[in-house]
Structures are given as structure tokens and as C-alpha cells.
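*Asks:* Can you keep this structure in mind? I'll have questions shortly.
The values are calculated or read from the model by the stated rules, or taken from the named source; none is laboratory data. Quick caveat: nothing in here was measured; it's all calculated off a predicted structure. Because the Cβ atoms are built from the backbone with ideal geometry, glycine has one as well, and the counts that use them run over all protein chains shown.
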Amino acid sequence: MSEQDLVHLEKQDGVAVIRLNRPDVLNALNMPLRRRVAEVFESFSAQDDVRAVVLTGDERAFAAGADIADMSKIGAIEMYLRYNERIWGAIAGCPYPVIAAVNGYALGGGMELAMHADIIVSGRSAKFGQPEVKVGIMPGAGGTQRLTRAVGKFNAMRLCLTGEIISAEKAHAMGLVSDLVDDDKVFDHAMSLAKQIASLPPIAVQQVKEVILHGQDASLGAALALERKALQILFASADKHEGMAAFLEKRSPTYIGR
Ligand code: COA
């Protein structure tokens with residue numbers, strides 16, 4: 001399969017859809033697939049007609065983790081020289097809201113990929129886990145850190161220390177999954193959220209994302225200041241004037257992203 005085919009792309013009403021396509025190995029993340037995902041994120045991040053991204057796999061797997069066959073052959077320096085952080089950085093740096101639509105397995109690097117999203121929609125029979133410890137390694141793309149911030153120390157420890165695979169219901173109860181829906185509704189639900197977001201004033205949407213992500217790693221005081229400054233900046237936008245005028249005039253707003 002060519003590197004291009006590892007990911008299927010589509011754009012609909014301001015929503016970019018990225019679909020992982022290595023079905024034979026449950027979308028295991030080898031280097032070509034990771035590179036392609038990063039490339040696609042970088043490309044969409046630079047397109048101003050994109051307002052939201054839906055990231056998905058297929059019915060059997062969102063992604064069953066880093067490719068074990070590939071990792072079994074390499075040593076520490078080769079691992080270092082892959083500069084995986086640059087690949088993940090391209091995904092984390094996406095300015096638009098990203099919605100992960102998860103069916104089947106989201107394990108290891110697959111669950112870390114889902115955690116790079118801003119909203120996770122999951123099917124009821126999906127499975128989540130950080131099983132790296134079972135093959136002698138550990139998470140390396142946020143599984144110990146984003147997960148802890150999302151679900152707290154004791155849930156994160158439980159998952160990373162045992163490698164146990166958990167149900168979507170459990171993942172939802174611990175706060176990892178935003179919306180739990182029937183398996184066959186996952187993609188449509190994610191698209192409907194993405195389209196809803198895509199219809200909103202884009203600068204306000206991007207500021208919300210930026211402030212939540214940066215704020216969670218700052219002190220409360222610094223994060224509140226960041227929030228206040230972002231809000232103040234939005235008062236300069238044409239879309240703020242339009243949104244409020246439309247409300248007061250009882251009409252639908254037309255946003256221009258300025
Ligand atoms: N890396 C490489 N190949 C993988 C893979 C991974 N992370 N996950 C699945 N595959 C491959 C399998 O080797 C198998 O290939 P084959 O048909 O050539 O034998 C194919 O995908 C289907 O997987 P299989 O194990 O037969 O499906 P299953 O339904 O019995 O089990 C899982 C599904 C997800 C429970 C099981 O594949 C698994 O445990 N995968 C590894 C998960 C993991 O540890 N991820 C973290 C990696 S650090």
C-alpha cells in the first residue's frame with residue numbers, strides 16, 4: 001500500500017475527515033502511517049476553510065497501538081532518531097477542534113492518538129487501554145501524562161500499570177470518553193458535533209481550544225489571566241459584533257472568521 005493510501009481524506013462543510021487505513025493490522029501505527037497522519041494534520045492546519053477535524057479508523061479498530069512487529073526490530077538510538085515527538089507535535093498543534101470517532105480498539109499509541117483529540121466519541125463496544133507494559137515498554141506519546149490529566153492519577157495508574165483493556169462504558173465513566181453512542185452512530189455523531197462547531201465563530205472556537213489546553217498546565221492564576229486575555233481579544237473580532245447583533249435583532253448570524 002502506498003503511503004498516501006494509509007489515510008483516507010475527505011472534506012465536508014468545513015469538516016476535514018481523516019480515516020486511518022491499515023485494516024489488516026487493526027490500524028497499528030507504523031512509521032509511514034504516523035508520518036502520513038502528521039503530514040495530513042499539518043496540511044489541514046494550514047487550510048482556512050477547515051473548521052474542525054474528525055479522526056477515525058474502521059469498525060474493528062480506531063488503532064491497536066504502535067506497530068509491535070516494527071518496534072521489535074529496533075534499538076534505543078533508532079527509536080530516538082525517529083523523533084516521534086515531531087510527528088505527535090504536528091497533531092497536537094492542530095488549531096482546529098479535533099474529534100476522535102472511536103470504534104473497536106483504541107490501544108496504546110491508538111489511545112494516545114485519541115487523546116490528542118479534543119472530544120472523544122466512542123461506540124459502546126469500543127475498547128481502550130495502555131497495554132505497553134505487557135510487552136516490556138511503556139506509553140511514550142502522552143499515555144502517562146494526557147491520561148493522568150484527563151482521568152486523574154489513580155485511574156491512569158490502574159490502566160498503565162496493569163495494561164488492562166477496559167470497556168467504553170468504563171472509559172466514559174472515568175471521563176476519557178465525551179460521548180458514548182451506539183456503534184453504528186459513532187461517525188455520524190462525531191460529524192454532527194464537528195459541523196456544529198464548524199458553524200460557530202472560528203476565532204472564538206480556536207481560543208477556547210487554546211486556553212483549555214494551555215491553561216491546564218499552568219497555575220490557576222496564570223490560566224485565568226490567559227482566559228481573560230483571550231476573552232478580551234475576542235471583543236475586537238467582527239464575529240463578536242455579528243453574533244451579538246444577530247442575537248439582539250433575532251436573526252441568524254453570518255460569521256466570517258475575522
Ligand atoms: N502491532 C502490530 N500488529 C498488530 C497490532 C499491533 N499493535 N495489533 C494488532 N496487530 C495485528 C495482529 O498481529 C494480526 O495480524 P496477523 O493477522 O498478521 O496475525 C492482526 O493485527 C489482527 O489482530 P489479532 O490479534 O489477530 O486480532 P484479535 O481480535 O485476536 O485481537 C487485539 C485484537 C487488539 C486484542 C490484539 O491484536 C492485540 O493485543 N494487539 C496489540 C495491542 C497492543 O499491545 N498495543 C500496544 C502496542 S505497544
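*Asks:* I want to confirm something. Restricting to segment 72-118 and keeping residues that are among the charged types (D, E, K, R) and under 9 Å from the mean Cα position of the chain (by Cα), which single residue is nearest to Pro139 (Cα to Cα)?
*Replies:* Glu112
*Asks:* Go through segment 40-54 and count every residue that is part of a helix (DSSP H, G or I) and touching a residue at least 24 places away in the same chain (Cβ under 8 Å).
*Replies:* 5
Residues are listed down the side, and each one gets a yes or a no for (1) over 17 Å from the mean Cα position of the chain (by Cα); (2) closer than 29 Å to Thr144 by Cα; (3) exposed (fewer than 13 other Cβ atoms within 10 Å of the Cβ):
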site: Asp182; (1), (2), (3): yes, yes, yes
site: Val186; (1), (2), (3): no, yes, no
site: Ala194; (1), (2), (3): no, yes, no
site: Ala222; (1), (2), (3): yes, yes, yes
site: Ala225; (1), (2), (3): yes, yes, no
site: Arg228; (1), (2), (3): yes, no, yes
site: Leu234; (1), (2), (3): yes, no, no
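*Asks:* Here are Gly243, Gly140, Gly175: which of them is surrounded by 13 or more Cβ atoms within 10 Å (Cβ to Cβ) and either in a loop (DSSP other than H, G, I, E, B) or of a type in the set (A, V, I, L, M, F, W, C) (or both)?
*Replies:* Gly140
*Asks:* Within segment 68-121, how many residues turn out to be among the hydroxyl-bearing types (Ser, Thr, Tyr) and crowded, with 19+ Cβ neighbours inside 10 Å?
*Replies:* The total comes to 2.
*Asks:* Can you pull out the residues in segment 13-29 that are more than 8 Å from the ligand (Cβ to nearest atom), outside any strand (DSSP E or B) and surrounded by fewer than 21 Cβ atoms within 10 Å (Cβ to Cβ)?
*Replies:* Correct list: Asp13, Gly14, Asn21, Pro23.
*Asks:* While we're here: Leu180: in a loop (DSSP other than H, G, I, E, B), within 24 Å of Gly143 (Cβ to Cβ) and of a type in the set (A, V, I, L, M, F, W, C), yes or no?
*Replies:* In short, no.
*Asks:* With the condition kept exactly as written, say whether any residue in segment 203-220 is within 16 Å of the ligand (Cβ to nearest atom), farther than 20 Å from Ile120 by Cα and crowded, with 16+ Cβ neighbours inside 10 Å.
*Replies:* Within segment 203-220, none of the residues are within 16 Å of the ligand (Cβ to nearest atom), farther than 20 Å from Ile120 by Cα and crowded, with 16+ Cβ neighbours inside 10 Å.
*Asks:* Check Glu169, Glu164, Glu132 and return the single one that is in a helix (DSSP H, G or I) and surrounded by fewer than 16 Cβ atoms within 10 Å (Cβ to Cβ).
*Replies:* Going through Glu169, Glu164, Glu132 in turn, just one is in a helix (DSSP H, G or I) and surrounded by fewer than 16 Cβ atoms within 10 Å (Cβ to Cβ): Glu169.
*Asks:* A follow-up question, please. For Trp88, which of the numbered conditions (1) within 14 Å of the ligand (Cβ to nearest atom); (2) of a type in the set (Phe, Trp, Tyr); (3) without any contact (Cβ under 8 Å) to a residue 60 or more places away in the chain fails to hold?
*Replies:* Going through the list (1) within 14 Å of the ligand (Cβ to nearest atom); (2) of a type in the set (Phe, Trp, Tyr); (3) without any contact (Cβ under 8 Å) to a residue 60 or more places away in the chain, Trp88 breaks only (1).
*Asks:* Same structure, new question: Any idea how many residues of segment 178-206 are of a type in the set (Val, Ile, Thr) and either under 19 Å from Ser167 (Cα atoms) or in contact with a Leu (Cβ under 9 Å, 6 or more places away or on another chain) (or both)?
*Replies:* Selection size over segment 178-206: 3.
*Asks:* Quick one: count up the residues across segment 109-167 that are more than 12 Å from the ligand (Cβ to nearest atom) and without any contact (Cβ under 8 Å) to a residue 24 or more places away in the chain.
*Replies:* 10
*Asks:* What pairs can you find where one residue is in segment 21-39 and in the same structural domain as Ala90 (by TED's automatic domain parsing) and over 16 Å from Gly108 (Cα atoms), the other is within 14 Å of the ligand (Cβ to nearest atom) and among the β-branched types (Val, Ile, Thr), and their Cβ atoms are less than 7 Å apart, with a gap of 6+ or different chains?
*Replies:* none
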